[in-house]
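Please treat every number below as a calculation from the coordinates, not as lab data. Worth saying up front: this structure is predicted, and the values here are computed from it rather than measured. Please note: Cβ atoms are built from the backbone with ideal geometry, for glycine as well, and neighbour counts cover all protein chains shown.
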Amino acid sequence: MASSGSGYDLSSSTFSPDGRIFQIEYAAKAVENAGTALGLRCRDGIVLAVEKPLVNRMLVAKTTGRRIHTVDEYAGLAITGFVSDGRQIVNRAREEASNYEETYGTKIPPETLSARISTYVHYFTLHGALRPFGASTLVAAYDPGTKRHSLHMIEPSGVCYEYYGAAAGRGRQLARTEMEKLSINPARVASGGGEGEGGGGGGGAITVADGVRQLAKIIHSLRDDAKDKPFELEMSWLCEGSGWKHQGVPRDVIADAVEWAKKEIKDNAEDEDDDDDDEEEEVGGGDVMEE
Amino acid sequence: MSRDSNYDHHISIFSPQGRLYQMEYAFKAASSASGLTGIALRGSDCCVVVTQRKVPDRLVVPSSVSHVHNVTSRIGVLATGMTSDCHAAVQRMRYEAADFEFKYGYAIPPAVLARRMADLAQVNTQSASMRPLAVVLLIVGVDDERGPQVLKVDPAGHYLPFVGAASGAKEQEATNFLEKRVDDIRGYTLDETVRTAIVCLGSVLGSDFRGSEIEVAIVKGKGGKFRSLTEEEIEEHLNAIADDADA
């Protein structure tokens, strides 16, 4: 069994003797080592968060090197892995959304957008002349027709599922564990609540306001400040409050959430003191992120 | 490219023994990639497909994990293998079916669709630049002239009609189970076909199921629609099977 590839890993169009395609697995590794991207489906919307490591102190961090992009009025994408690969996916998604509206006269439904992206990503795993995308994509979108919001994630292999909570990148294992504890899976929210299935929505008991805080907490708790470079926390949402439009979370809300998160982490930690050397630049006020 | 002398292992060319290794590896990927087993049966006037529903983790919405798809309102497919390849194959099937109906003015018969997908699969076994799709398709529908049809299309481009067919990890065990009952299956009603399919899956996997752990889809009668059974309907069948077992 050639678990190290040994010759079967040179192209996407080659199967190994045990039926694996190593190029796809290597592409997934590229994502595993990258900054964490999280998505949470809440009762009243979806929150996306990406950890953007700052490679250079001279960077204008807040507005460049974006990892969350608006694709259509009611749809947004978060990418992690090779961000330049991710940018190609974003461009394609924008084309798909715009073509769909031109052809059919309505906004592209979330499932259709995700299916189109996944078919596109999958195509690059078929040809020997191409390589797979080294990026995972989280799609947050709202369908004005069915009034339902949903979160999907597309991996480098082209596999696409709908999620209550999705995580990709370095901290995904821990993030998944934390997300499972939140009440986002309607089947597991206590039936007495009666709020498990919102009218035509779905999403559990947690709201977007909570979601922002929880994701900030997850990202901050994954960091080892002694070892990791400084980073910028990008967050966006689409929710009832934003009119279901995909927008950046206002900076003061992020700053607030980060403060809360840090306090929670500190309180939860046994006897550590972690709030010294993290050089985030989230500052209150300033412009709302717009695409 | 590679200086490996086993070039025939890397792209779709013949080995000195006349084998196509890449195609064989594609078969392996199709049967073991997802770890699932799928079964399709045809009764006297109906077709049934059954497979497991394995949700990868608790954060995934279960309804988005499905291997059973509608191609047209009357033809369905159970696609097992690499998930993204399955998705691509189903997309292509939908396109082919719609294109056929647009060009010729009537709904594509299941066998014609199967043949088309088989031809497309064969192309990849002859070209160096594209790999075969690691998917086994079980196409089901009720043909206007020939009645219920189950067709199996594999990565090599074979397609054959079956009374009962299986795909995936436990294909051989399921086929053995069905072979013993093939004469009876031909005459089964819808309920009998569904229950036989579920019992077959249960016996090869060595376990019982709940309604949420399997997917069952049916199409019955000429002009019948291909549809998935709800969890309640599946539970009804499971209860009936349990009662029969006790009786």
Note to self: Can you report the number of residues in the stretch A:214-247 which are within 17 Å of residue A:40 (Cα to Cα) and under 16 Å from the mean Cα position of the chain (by Cα)?
What the structure shows: 17
Check: Take the residues of the stretch B:4-16 that are hydroxyl-bearing (Ser, Thr, Tyr) and in contact with a helix residue (DSSP H, G or I) (Cβ under 9 Å, 6 or more places away or on another chain): which is farthest from the other protein chains (Cβ to nearest Cβ)?
Finding: B:15
Notebook entry, point to check: Which residues, counting only those in the stretch A:96-134, are more than 15 Å from the chain's Cα centre (by Cα), closer than 22 Å to residue A:21 by Cβ and not in a helix (DSSP H, G or I)?
Noted result: A:124, A:125, A:126, A:127, A:128, A:129, A:130, A:131, A:132, A:133
Checklist line | Residues within the stretch B:133-162 that are in a loop (DSSP other than H, G, I, E, B) and in contact with a helix residue (DSSP H, G or I) (Cβ under 6 Å, 6 or more places away or on another chain), tallied | finding: 5
Notebook entry, point to check: Which one is farthest from residue A:50 (Cα to Cα), of the residues in the stretch A:96-135 that are within 13 Å of chain B (Cβ to nearest Cβ) and polar (S, T, N, Q)?
Noted result: A:125
Item checked: From the options B:113, B:133, B:120, residue that is surrounded by fewer than 23 Cβ atoms within 10 Å (Cβ to Cβ) and not charged (D, E, K, R) -> B:120
Note to self: Checking the structure you have, find out if any residue of the stretch B:17-33 is away from chain A (no Cβ under 14 Å) and either charged (D, E, K, R) or outside any helix (DSSP H, G or I) (or both).
What the structure shows: yes
Next item on the list: Go through the stretch B:59-80 and count every residue that is in a loop (DSSP other than H, G, I, E, B) and within 14 Å of chain A (Cβ to nearest Cβ).
Entry: 5
Checklist line | strands (runs of 3 or more DSSP E) (entirely within the stretch A:10-75) containing at least 1 residues that are in contact with a Cys (Cβ under 6 Å, 6 or more places away or on another chain) and either within 13 Å of chain B (Cβ to nearest Cβ) or in contact (Cβ under 8 Å) with a residue 60 or more places away in the chain (or both) | finding: A:45-53
Notebook entry, point to check: Pick from B:144, B:183, B:191, B:119: which is among the acidic types (Asp, Glu) and within 22 Å of residue B:21 (Cα to Cα)?
Noted result: B:119
Notebook entry, point to check: Is one or more of the residues making up the stretch B:85-102 buried (at least 24 other Cβ atoms within 10 Å of the Cβ), within 14 Å of another protein chain (Cβ to nearest Cβ) and within 29 Å of residue A:41 (Cα to Cα)?
Noted result: yes
Next item on the list: For residue B:51, state whether it is part of a strand (DSSP E or B) and hydroxyl-bearing (Ser, Thr, Tyr).
Entry: yes
Item checked: Extreme residue, farthest from the chain's Cα centre (by Cα), among residues of the stretch A:135-147 that are crowded, with 21+ Cβ neighbours inside 10 Å and not aliphatic (A, V, I, L, M) -> A:143
